[in-house]
Amino acid sequence: MPKIAVVRRDLPPTLSAVVRLGVALAGIGIAILSISVILGVDAWTVTERVVGTFLRPDMIRYLIVFLPVGLGLAVAYHARLWNLGAEGQIVMGAVAAAYVALFTPLGEIRVVGPLAALLAASLAGALWALLPGILRAYLNVNEAITTLMMNYVAYSLCNYLVYGPWRGRRVYGYPETDLIPDASKLQWVHGYSFSPWSLVIAIAFVPVIYLFLYKTRIGTALRGYGSNPAAVELSGLSGTRLIILAFFVSGALAGLVGGNEILMYHRKLVPGEKIGAGMGFVSIMVAWLADLNPALMPLSAYYVSALHYLRMVMQVGELTEPVARFFIGLVFMLLLVSIFVSKYKVVIRK
Amino acid sequence: MIVEELFESFFLFLLLAAVGDIIVERSGVLNLGIDGFITLIFALCYSATIAYGPIASLALVLVAGALYALLIALFVNLLHSSHVLTGLVANMVFYGLSVLIGYWGLDLATERGVPRTLLISIPLDWRTVLALSILAVSATWVFLYRTRIGTAVRACGYNPRSADYLGVNVWRTRLLSLVLGYIIIALGGYVYVLFYSKAWTPYIGMGYGFLALALAISSLWHPLLIALPTVIFSYLLRSLYVYQLEYGISQYILSMIPYLASIIFITAVIASPLGKKLPIPKALGEIYYKEERAA
Amino acid sequence: MALISLVGITKRFGSVVALDNVSLSVESGEILGVLGENGSGKSTLTKIIYGVYVPDSGYIELRTDGLMRRAFFSSPKEALLNGIVMISQRPQLVEELSVLDNIALFHGYSRGRTRKIIESTMSRFNIKLNADALVGSLSYTEKQLVELVKALSFKPRLLILDEATTYLPRDVKARFYEALRTFASIGGSVIFITHKIPEALEICDRIAVLRRGRLVRIFSRKDAVSIDDLRKAMFEEVSPSVATERVEEARAEGGEVLRAEGLVVLDDYGKRAVSIDELVVERGSVHAVVGVAGNGQKELCEGLSGLRKAVEGRVVLDGEDVTRSRASERASKGLVYIPEDPFRTGVVLDLTIMENIRLFATDRLSSDTVKKVISELRISPPEPRIKSYMLSGGNLQKLSLSRALLLNPKCIIVHNPTRMLDEASSRQVKLLLRDSAHKGVGVLLVSEDIDEVIDVADKISVIANGRIVKTLLAMHPRLREEIEEAMSTYA
């Protein structure tokens, strides 16, 4: 009877990244095959489409969402703080940005308007994350559940506003607010639905977060806090403050993205589920796929954005959305396997 | 009659889901995948009942529970995956799958000219519900606190490394907990579809899993404490519509309430003296890895 | 006839070779000692036998049905199935369950049946325990006795004791030895692991000496072995016997740097673990608090450092009342605590050496500082970029100690600092502590080991059941005897 033992592998980070990349590509291959088999579409056509999504700039629209949120979540996850509330933080950021754009005079001012809106959005996201953060820091309440719950509260709050007090005067029957003033809109790159500024900001965060996590004392403390809070405390750094900081940062980045969604994409406030659209959850995978390493995050965000865009491109009648969810879920399952392969090896002896 | 109001099918569903979750999490497995599972079971149960009738549907649903448990165990045990990621990914996959299964059922009903709403003639009166609830709760208690296996389960939740040294097979125990727990949760889903909603809409069930989790946490994973919060919650949830109609409060504000209430509940329990006294599964969510360079 | 043989066992952890081609065997009815310094590989060896680690090369042979057959254990459970039980220095019990439940789990029997088994074992080996007590409420000594009963009730063929008795009071040690002799007399085998030569000499029939992963020599009781013979095998040279030369008398600059008054600290179960009227640490001196393990040392350290809240009393640091401050505040004010267990509290294992140092250092970190720390403490391997979990226990402890160098402390609290260290590193650390004292820092050394304390301290207090029962100055005549007596009386 062969015996199985699982042993840790200590791969250098580059090799580990290569292994994951390999499995990620295999994942795409499997996805293509299954799509073509189950839906009866020619495999080559599917491959063309899939490869196409990886090469078309359209998917940058999603990169702008996944990259910053993933970076923010990485900060929290390094400290083993399970912030699962990115969805809600994105939505609240959107609400705040919509408020500034629609209901304050700033909304009509160029440059200042959008900046103020984005600032408000970041703040809103940060504060939304702060409640579960405080509960965790001071009362040790499990943050996975509280952040999850806050997602639903955010959806409901947003829906209340959209269907209620903020309902657009000019749009009947459709649940949304008015369009935001032109001054607040972030202009698109010609032919696509994303703004260059948003992309720049998203990419700019990569070195910032990287330096923070790996070159500063506080960042190092955050990374250590997850596995050994006592060691961090004994080094003179307050655990509660670190927790609050982690939630603040991840919430702020998610909020920023939410604000950007309003200013750049929707240009109005829509029901909560449409704003988050599950992207908050997908960002969690983006963070882990990159092994929480900011330097690898652009790559993992790119991969996931392309897949996400693939969802839109798949045409299967009314079943597009759930089928897409199913398949992307399967690909993520493969990613979990890839994480295993890169970290452990199986030893079999007789 | 208040008793009739309290002990009905929705409550039974929530209770079974929460109790099943307790069994799973007591072994140290953080059970985020319960939400995707419930969504799946609702669809599966509905469609299977349309296609094969209620008895076969019950069998199918229980088998699905065992299989789902197996899948989670594979990731959490062998692949050493983070429990959180496993749960979230499973949710993603099975949310999608549930819609496909549900539509299959709806189409089948249309094809066969059968009404889309399930018509079940067996009533579920409050006495039955109460009896089943008491059975579920006490059986779980006996299992966890009075059997050998139950003690092993709790050991894995408290300290898997010590449990391993005591000769407990942590993987096998977690697998067993998962299977047992998910079968019970599946049963709860069956109750919901056949006796409460009797219908299916896309994504119905989403959020109930997390509610069950919240209930489990707020009862400190103790089966004897779970009944009270569950009764309160199920009553509140069902009454929401009434409040909307009677007092004209926006449905959106009302839909926030269960979630906010969960947060308040959990906080209150954990901060209370009870929270400090009862031993909780400390190792919840801990990826159990055997070989460490430790003295 | 041999019961178990290890042949050519080699085990590596990354670049560190823990065991290098070790072969030895144990006879039935024999007590084999495995003697070696910390880091010599003794623990790794037993963990391989017990199924916790997988050897990189080599194999184990076990006598099954009269023949020596190859055996491979991939889990403790398998070792158990083959009649091998291990008791280690730290009890491996589930604290939230009762003694009965723990042992029942171990056997896989029902509670009733287990109770009978426990009772017969206890009467056979002359040990008394309350089977219904929650393990968490027991003292360290009692927990080790539980482990012994648990192991013996299993009727194993091979019993492995990994430093299990090293920190027990003398009378309990004697009971352990008596039980072991009874066990050996009925045919059981024992592998007895220790780093204390007198222990090995007292109980073992043969002694295998390990040094840096290699088997140096096997001594037999028949050969009239002396302490020096063993010492030479363990260390390559005969060092002066027990006391380390003190650097110089620390000049007590006077003035208190740390004061605890009326301090009451509870343990995890709400019981009073510490109840001290007054404890003072003076600037420029080393004050030791020693006692049998589990008499409140950990809670005292945690209460003073802030990791644990005191329910009564005051803690004053350099004139400032810090009772309400949390650990991080106290640390930043100059109260540095180096906990005993680097694996759990001292060092972040997932970070590299350099990153841990960065964590400790309040000032801007330069690569020179890192190099200096590594070389001063002789951390091996001296590679700042490797992950800390690759280091051996001793090196981890040294890394943890670097906090004392980097945080500019006014007062250092150390708990069992040299437990994991080999003799050379031990000496180094002791010198470091005295050196700090010499520079004006107040050092509180909390320990379970008399040897550790006697070389270093200016003042020694004995702690028992959370209270200070005796305080002596270092120059007191018959210091060791009086301390031992105090420790044994109250344990």
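With the gyration tensor restricted to C-alpha atoms of the stretch C:38-138, the semi-axes of the equivalent ellipsoid amount to 29, 18, 12 Å, longest first. With r defined as the distance between the Cβ atoms of residue A:115 and residue A:273 and R0 fixed at 30 Å, what FRET efficiency is calculated, to the nearest 0.05? For R0 = 30 Å, the calculated efficiency reads 0.60.
Counting only other chain Cβ atoms within 10 Å of each residue's Cβ, the peptide A:216-228 averages 5. Between the stretch B:36-68 and the stretch A:113-168, the alpha-carbon centres lie 36 Å apart.
How much of the DSSP bridge set in the protein assembly as shown is antiparallel, in percent, rounded to the nearest 5?
60 percent
Between residue C:222 and residue A:138, the simple spin-label model (points 7 angstrom out along Cα→Cβ) gives 7.4 nm.
Partner shielding of B:197-207 amounts to 1, given as the average count of beta-carbon atoms from other chains within 10 Å of each residue beta-carbon. Listed values for the stretch A:202-218 are Karplus-derived 3J(HN,Hα) couplings in whole Hz (6.51 cos²θ - 1.76 cosθ + 1.60, θ = phi - 60°), namely 4, 5, 4, 5, 4, x, 4, 5, 4, 4, 4, 6, 10, 10, 10, 5, 5, and x replaces Gly and Pro. If you take all other residues with their beta carbon under 12 Å from the beta carbon of residue C:292, and give Lys and Arg +1 and Asp and Glu -1, the sum is -3.
When the protein assembly as shown is described by a simple charge dipole with +1 on each Lys and Arg Cβ and -1 on each Asp and Glu Cβ, the residue from A:186, B:253, A:103 located farthest towards its positive end is A:186. Taking amide H as placed 1.01 Å from N in the peptide plane, residue C:88 has its amide H under 5 Å from the amide H of C:162, each at least 5 places away in sequence or on another chain. Put a plus charge on the Cβ of each Lys and Arg, a minus charge on the Cβ of each Asp and Glu, and nothing anywhere else: the dipole of the stretch C:2-235 about its Cα centre is then about 240 debye.
Considering only DSSP beta bridges with both partners in chain C, what is the antiparallel share in %, to the nearest 5? That works out to approximately 55 percent antiparallel.
In a fully extended conformation the segment linking residue A:211 and residue A:48 would gain 54.8 nm over its present Cα-Cα distance, using 0.36 nm per residue. For the protein assembly as shown, a simple Cβ point-charge model (Lys and Arg +1, Asp and Glu -1, everything else neutral) yields a dipole of about 1320 debye relative to the Cα centre. Here the Karplus curve 6.51 cos²θ - 1.76 cosθ + 1.60, taken at θ = phi - 60°, turns the phi angles of the stretch A:272-287 into couplings of x, 4, 7, 6, x, 6, x, 5, x, 6, 4, 4, 4, 5, 4, 4 Hz, with x standing for Gly and Pro. Between the listed residues C:327, C:311, C:389, the Cα displaced farthest toward the positive end of the dipole of chain C, a dipole computed from Cβ unit charges relative to the Cα centre, is found at C:389.
In the neighborhood of residue B:203, defined by Cβ-to-Cβ distances under 11 Å, what is the net charge if each Lys or Arg adds +1 and each Asp or Glu adds -1? Here the charged neighbours net out to -2. Phi angles of the stretch C:171-180 translate, via the Karplus equation with coefficients 6.51, -1.76, 1.60 and θ = phi - 60°, into HN-Hα couplings of 5, 5, 4, 4, 5, 4, 4, 4, 4, 5 Hz per residue; Gly and Pro are given as x. Legend: ranking of residues A:42, C:162 from fewest to most surrounding C-beta atoms inside 10 Å; resulting order A:42, C:162.
Neighbour counts of other Cβ atoms within 10 Å put C:411, B:156 in the fewest-to-most order C:411, B:156.
Per-residue extension of 0.36 nm, minus the Cα-Cα distance of residue B:138 and residue B:241, leaves a gain of 33.8 nm for this segment. Using a simple spin-label model with pseudo-atoms 7 Å out from Cα toward Cβ, residue C:371 and residue C:174 lie 5.7 nm apart. In the stretch A:64-298, taking the dipole from charged Cβ atoms about the Cα centre, the farthest positive-side position among A:124, A:283, A:144 is held by A:124. Rounded to the nearest 0.05, the FRET efficiency derived from the C-beta distance between residue B:100 and residue C:316 at R0 = 60 Å is 0.30.
Every pair of different Cα atoms in the stretch C:256-490 enters the Kirkwood calculation, which places the hydrodynamic radius at 17.8 Å. FRET efficiency for the pair residue A:37 and residue C:280, taken as 1/(1 + (r/R0)^6) with r the Cβ-Cβ distance and R0 = 56 Å, rounds to 0.10. Summarising the amide proton neighbourhood of residue C:413: residues at separation of 5 or more, or on other chains, whose placed amide H is nearer than 5 Å comprise C:336, C:337, C:338, C:444. Mean partner shielding of peptide C:352-364, defined as the number of other chain Cβ atoms within 10 Å of each residue Cβ, is 4. Near residue C:282, the amide H atoms lying under 5 Å from its own belong to C:257; only residues 5 or more places off or on other chains count, and H is placed 1.01 Å from N.
Placing a label point 7 Å from the Cα of residue B:5 along the Cα-to-Cβ direction, the residues of the stretch B:211-239 whose backbone N falls under 11 Å of that point are B:235-236, B:239. Neighbours of residue B:73, meaning other residues whose beta-carbon lies under 10 angstrom from its beta-carbon, give a summed charge of +2 when Lys and Arg score +1 and Asp and Glu score -1. What the Kirkwood sum gives for chain C is a hydrodynamic radius of 23.7 Å, with every pair of different alpha carbons counted. Rounded to the nearest 10 degrees, the angle from helix C:393-406 to the longest Cα principal axis of chain C is 0 degrees.
A simple spin-label model places the labels of residue B:231 and residue C:271 3.8 nm from each other, with each point 7 Å out along Cα-to-Cβ. The dipole here belongs to chain C: it is taken about the Cα centre, uses +1 on the Cβ of Lys and Arg and -1 on the Cβ of Asp and Glu, and is about 1180 debye.
Between the stretch A:291-306 and the stretch C:278-345, the alpha-carbon centres lie 44 Å apart.
Tell me, what is the percent relative contact order of the stretch B:142-295, built from C-alpha pairs under 8 Å that lie six or more residues apart?
Computed over the stretch B:142-295, the figure is 28 percent.
With neighbours defined as other Cβ atoms within 10 Å of a residue's Cβ, the residues C:117, C:374, B:264, C:412 order from fewest to most as B:264, C:117, C:374, C:412. Scanning chain B for DSSP H helices at least 24 Å long along the axis (C-alpha atoms) with a Kyte-Doolittle mean no lower than -0.5 picks out B:9-26, B:34-52, B:54-73, B:83-112, B:126-146, B:170-191, B:227-247, B:251-271.
We did not get these values from a lab; they are worked out from the coordinates using the rules stated. Keep in mind that this is a model prediction, so the values were computed, not measured. Reconstructed Cβ throughout: ideal geometry from the backbone, glycine too, with neighbour counts over all protein chains shown.
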